[in-house]
Every structure is written in structure tokens, then in C-alpha cells.
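Values in this text are rule-based calculations from the coordinates and carry no lab data. These numbers come from a predicted model, not from an experiment. Here the Cβ positions follow ideal geometry from the backbone for every residue, glycine too, while neighbour counts run over all protein chains shown.
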Amino acid sequence: MTYIVTRLCRDCVDTACVAVCPVSCIYRYEGDDKQTFPNQLYIHPEECVDCNACEPACPWEAIFPEDEVPDELEEDTALNYKMLECEDDFEVQEEEEHEQPAPEDVAANKEKWGVA
């Protein structure tokens with residue numbers, strides 16, 4: 001099993017998860033197909049060691065264990081695995097400073113994507 005970064009990360013791209021990942025398995029897409037791979041982070045499913053460090057670190061609540069991804073976000077699991085088809089277009093994400101979102105920002109982001 002792996003952890004999945006869902007669309008709740010899109011255009012938010014906080015790197016708190018990167019700071020705590022012990023195996024540097026969190027990537028950013030650097031290729032040209034931005035329609036297939038939107039601006040968010042991705043967890044490499046073959047490198048993830050299921051340590052659960054990333055999930056509680058994500059201020060956007062965008063990361064889930066693979067078997068707990070909400071139904072509304074289920075297609076994000078396939079997108080996470082799709083990165084294996086073009087690994088050369090992904091780079092390990094470096095940690096960056098970000099302002100933490102307010103609880104109402106997190107709630108609004110979930111509402112935007114249809115997550116209760």
C-alpha cells in the first residue's frame with residue numbers, strides 16, 4: 001500500500017509533507033502534459049514505505065492511505081500510479097516555506113472538490 005496525494009493539493013502545493021518524508025518519495029511533475037498531471041505533489045508508489053509521516057503533516061488534509069481515499073477523490077489513486085509511466089518527468093520535491101492555510105481555507109478547498 002502507498003499514500004495518495006489527492007486533488008486537495010492542487011495549486012496549494014504545501015511541502016510540509018516533504019519535510020517529514022524519510023525516503024524522499026514525494027515528487028513534482030516537471031513535464032509538458034499539465035492537463036494529465038496538474039500542479040500538485042505525487043507520492044511514488046514504489047518508493048513509499050507507508051510510514052504515515054506525510055498524512056498528518058499536510059495542512060490541506062490532501063494525503064490519504066490508499067485504501068482510505070474518499071470516494072469523491074478515488075480517481076486520484078490512478079493518477080498517483082500513472083506517474084510510473086513517465087517517471088523521468090518527475091523530480092523529487094524540495095522543501096519550501098509556505099504560510100499555513102487557515103481552517104476556513106482548508107474547508108473551502110474541500111468544498112471546491114466535493115469532499116465533505
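A compact table of results
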read-out: Three-way shape label, the stretch 1-57, alpha-carbon gyration tensor, a/c 1.5; value: prolate
read-out: Dipole moment magnitude, nearest 20 debye, the chain about Cα centre, only Lys, Arg, Asp, Glu C-beta charged; value: 220
read-out: Theoretical gain in end-to-end length, ASP33 to ASN52 [0.36 nm per residue, Cα-Cα removed]; value: 3.9 nm
read-out: Cα gyration tensor shape for the stretch 69-116, rounded if a/c is under 1.5, else prolate or oblate; value: oblate
read-out: Length-normalised contact order for the stretch 3-112 - Cα pairs under 8 Å, 6+ apart - percent; value: 40
read-out: Label-point gap, in nm, between GLU87 and SER24 - each point 7 angstrom along Cα→Cβ; value: 1.5
read-out: Cysteines, the chain, no other Cys beta-carbon under 4.7 Å; value: CYS9, CYS12, CYS21, CYS25, CYS48, CYS51, CYS58, CYS86
read-out: Contour excess over end-to-end distance, with Cα ends at GLU97 and ASP11 and 0.36 nm allotted per residue; value: 29.5 nm
read-out: Residues whose placed amide H lies under 5 Å from that of GLN93, excluding near-sequence neighbours; value: ILE26, TYR27, ARG28
